[in-house]
Amino acid sequence: MANPSNSAIHGTPSRLASLDALRGFDLFWICGADAFGHAFLKAANGPVSHAIADQLEHVPWQGFRFYDLIFPLFVFISGISIVLSRSAKPAAGDRGHAFLGIAKRAALLYLLGLFFYRGYTGWENDIRYLGVLQRIALCYFSAATLQLFLSPRALRITTVGILLGYWGLLTLVPVPGVGPANLNPDTNLAHWVDAQFLGGKKWNGAHDPEGLLSTLPAIASCLLGVLTGLFLKDPTRTATQRLQGLIWAGLGLLATGHLWGLAFPIIKNLWTSSYVCVAGGWSCLILALFYGLIDVKGWSGWARPFTWIGMNSIAIYLASNLADFGKLARRLTGGEVATFLDGLHLGAADVVSAFVSVGFCVWLAWLLHGRKVFLRV
């Protein structure tokens, strides 16, 4: 068990252990923990287990479940990291060099995203110009650049302006060839923009949930992280004040999001402004939990596997795609092994396979961490 760092409690936190752990917790679900949850709950086979299993699936269109938090939470964390990774805001004359560093990092992330989604029959037909890593790259570039040049007050105004502007675009601007503005899956403005201007392969045929127009509110999600990072880095605040601030901000964003959702529904595939607020609210509350336990109380032992993953998040994310941990696990737990396990309890084979898959992820993270190998992008 680690002792709480003085910097996290009394001064300006240069690095939050809770943030690494939370990043790893988030990626943990992406790398197979959702499959483990599904397998376990399938084996339990009861009404409660099925209700929990629903939380490990995205909402088909409107609404919010736990799994709808995974991606915006990562974007939110990226925004916090923008602030905490910079010792001080560069002077006006030095901002050009800092901007060049931001652009290089964003370009590398974007190129990694193209590589991640690269098909096998040719770049012309299978390239996905916008995906998870590409969205993170665009959000990082936009939020980091804005934070470099704008004051905290201007950042708050920009965030609110983006959310209000996106609300106006999707609810007031008529859709060409369709008619009045609407939020239906196949006839909304974001869908039309992707169909007209986004080339390459799209996740949902003509539309992409990481498409062009919906990247705007995703930038606001990253800016919420930037504002949170500025709050956490304020040396005048105590750890208790930071913790209370995170909780109040989370509750306020949740209330705002759900109230806004009455007029502008919570839809992940469109990354609606109400969705930004709800996801931001939960992100603040979960960060408060991790911050309170790890950085304030010093109870960090339970989160060590998450920290291993979180400190090598890009490497683990890419490895989960290239190595396919799930496929490797099925090779080890299939055939007669699966038959034997299901003979003991129906669904046990899926549980063991998912457990092995997640184990590969944690083992790789532990191996890289132990050898102090970190992929920095």
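The table for this structure:
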{"quantity": "Test: residue in the stretch 197-217 that is without any contact (Cβ under 8 Å) to a residue 24 or more places away in the chain, in a helix (DSSP H, G or I) and either touching a Leu at 6+ places or on another chain (Cβ under 7 Å) or over 20 Å from Ile102 (Cβ atoms) (or both)", "calculated": "yes"}
{"quantity": "Residue in the stretch 185-232 that is surrounded by the most Cβ atoms within 10 Å (Cβ to Cβ), counting only those that are of a type in the set (Ser, Thr, Tyr) and at pLDDT 95 or above", "calculated": "Ser221"}
{"quantity": "One residue from Ala329, Ala349 being part of a helix (DSSP H, G or I), at pLDDT below 80, over 28 Å from Gly131 (Cα atoms) and among the hydrophobic types (A, V, I, L, M, F, W, C)", "calculated": "Ala349"}
{"quantity": "Count of residues meeting criterion [more than 20 Å from the chain's Cα centre (by Cα), without any contact (Cβ under 8 Å) to a residue 40 or more places away in the chain and either under 13 Å from Val83 (Cβ atoms) or assigned to a helix (DSSP H, G or I) (or both)] in the stretch 126-154", "calculated": "3"}
{"quantity": "Members of the stretch 326-354 found to be hydrophobic (A, V, I, L, M, F, W, C), more than 18 Å from Asn45 (Cβ to Cβ) and surrounded by 18 or more Cβ atoms within 10 Å (Cβ to Cβ), listed by number", "calculated": "Ala329"}
{"quantity": "Unmet criterion (only one of (1) without any contact (Cβ under 8 Å) to a residue 60 or more places away in the chain; (2) touching a helix residue (DSSP H, G or I) at 6+ places or on another chain (Cβ under 6 Å); (3) β-branched (Val, Ile, Thr)) for Ile157", "calculated": "(2)"}
{"quantity": "Filter result for Leu111 (of a type outside the set (D, E, K, R) and at pLDDT 95 or above)", "calculated": "no"}
{"quantity": "Filtered residues of the stretch 356-373 (kept if hydrophobic (A, V, I, L, M, F, W, C), within 17 Å of Asp20 (Cα to Cα) and touching a residue at least 24 places away in the same chain (Cβ under 8 Å))", "calculated": "Cys361, Val362, Leu364, Ala365, Trp366, Leu368, Val373"}
{"quantity": "Among (1) farther than 30 Å from Ala88 by Cα; (2) touching a residue at least 24 places away in the same chain (Cβ under 8 Å); (3) of a type outside the set (Val, Ile, Thr); (4) surrounded by 14 or more Cβ atoms within 10 Å (Cβ to Cβ), the one test that Leu164 misses", "calculated": "(4)"}
{"quantity": "Looking only at the stretch 220-259, and only at residues there that are touching a Pro at 6+ places or on another chain (Cβ under 9 Å) and either among the small types (Gly, Ala, Ser) or not in a helix (DSSP H, G or I) (or both), the one that is nearest to Thr158 (Cα to Cα)", "calculated": "Ser221"}
{"quantity": "Residue within the stretch 301-322 that is modelled with pLDDT under 80, of a type in the set (A, V, I, L, M), under 22 Å from the mean Cα position of the chain (by Cα) and exposed (fewer than 14 other Cβ atoms within 10 Å of the Cβ) present", "calculated": "yes"}
{"quantity": "Enumeration of residues in the stretch 291-326 that are part of a loop (DSSP other than H, G, I, E, B) and not hydrophobic (A, V, I, L, M, F, W, C)", "calculated": "Lys297, Gly298, Ser300, Asn312, Asp324"}
{"quantity": "Filtered residues of the stretch 233-259 (kept if at pLDDT below 95 and either touching a Ser or Thr at 6+ places or on another chain (Cβ under 6 Å) or closer than 11 Å to Cys284 by Cβ (or both))", "calculated": "Lys233, Pro235"}
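Table: residues versus (1) free of Cβ contacts under 8 Å to residues at least 12 places away in the same chain; (2) surrounded by fewer than 16 Cβ atoms within 10 Å (Cβ to Cβ); (3) not in a helix (DSSP H, G or I).
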site	(1), (2), (3)
Ala51	yes, yes, no
Leu56	no, no, yes
Phe64	no, no, yes
Tyr67	no, no, no
Ile70	no, no, no
Ser78	no, no, no
Ile82	no, no, no
Lys89	no, yes, yes
Asp94	yes, yes, no
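The values are calculated or read from the model by the stated rules, or taken from the named source; none is laboratory data. Just so it is clear, the structure is predicted and the values come from calculations on it, not from any experiment. Note that we place each Cβ from the backbone using ideal geometry, even for glycine, and neighbour counts take in every protein chain shown.
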